[in-house]
1. Residues in the stretch 55-93 that are in contact with a strand residue (DSSP E or B) (Cβ under 7 Å, 6 or more places away or on another chain), open to solvent by less than 50 Å² (accessible area, probe 1.4 Å) and without any contact (Cβ under 8 Å) to a residue 40 or more places away in the chain: how many?
2. Does the stretch 124-135 include one or more residues that are buried (at least 19 other Cβ atoms within 10 Å of the Cβ), at pLDDT 95 or above, part of a loop (DSSP other than H, G, I, E, B) and out of contact with any strand residue (DSSP E or B) (no Cβ under 6 Å at 6 or more places or on another chain)?
3. What are the residues in the stretch 8-34 that are outside any helix (DSSP H, G or I), surrounded by 13 or more Cβ atoms within 10 Å (Cβ to Cβ) and modelled with pLDDT under 90, if any?
4. When you check D37 against the structure, is it exposed (fewer than 14 other Cβ atoms within 10 Å of the Cβ) and among the acidic types (D, E), yes or no?
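The values are calculated or read from the model by the stated rules, or taken from the named source; none is laboratory data. Since the structure is predicted, the reported quantities are computational estimates derived from the model, not experimental observations. For neighbour counting, all protein chains shown are included, and Cβ atoms are generated from backbone atoms with ideal geometry for every residue, glycine included. Heavy atoms of the whole protein, side chains included, go into the accessibility calculation; ligands, DNA and RNA do not. Shrake-Rupley method; radii C 1.70, N 1.55, O 1.52, S 1.80 Å.
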Amino acid sequence: METELFSAAGEPDLTGLLKRFFGYESFRPLQEEVMRDALAGHDTFVLMPTGGGKSLCYQLPAMLTRGVTVVICPLVSLIQVQVDQIVASGVVAQQLSSAQSGEEQSRILSHLHRPSEVRSDEGIRLLYVTPEKLSSSDALTNALRKLHANGLLMRFVVDEAHCVSQWGHDFRPDYTRLGVLKHNFP
């Protein structure tokens, strides 16, 4: 990993990264604590208002790891906006969605099957998918299994988690199937 991403003590320089890649001088309340928990491998639940900086809580940690953070997001249009924004910040991010050609999806999946490419500076750090893609794509599941076997599956992020509730108007059945991730990828 790039040495300028870490302090002399070997700790991640989160504030330096925040300024360098996102242009902010300081964190909002709880962001740094959440990031440190994520980097330590702890399960985290983040509840913040719209515009509170939730995305940064997983984007910045993804930059510090040589592996893939899978972001599960409900809308392809939202995925595209997030991918465009994070790529503009200098982070390697991709999506797997119906908005792409089969050839493009195959190229991304092929990349995920090559550990040396994932570990490289050009390796995908953030992979955005819908819950439907995650539950219906055997090719994606196989790629995730390979990443996990090689220690390159860093974390899952469930964005817009309110869609998990069966009582909400945004209920998405495939969100309820996400519990298998904890079992399949401990």
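1. Final tally of qualifying residues: 1.
2. Yes: one or more hits.
3. First, pick out the residues of the stretch 8-34 that are outside any helix (DSSP H, G or I): 8-13, 23-30.
With surrounded by 13 or more Cβ atoms within 10 Å (Cβ to Cβ) added as a condition, the list becomes 12-13, 24, 27-28, 30.
P12, D13, listed by residue number.
4. No: the conditions fail for D37.
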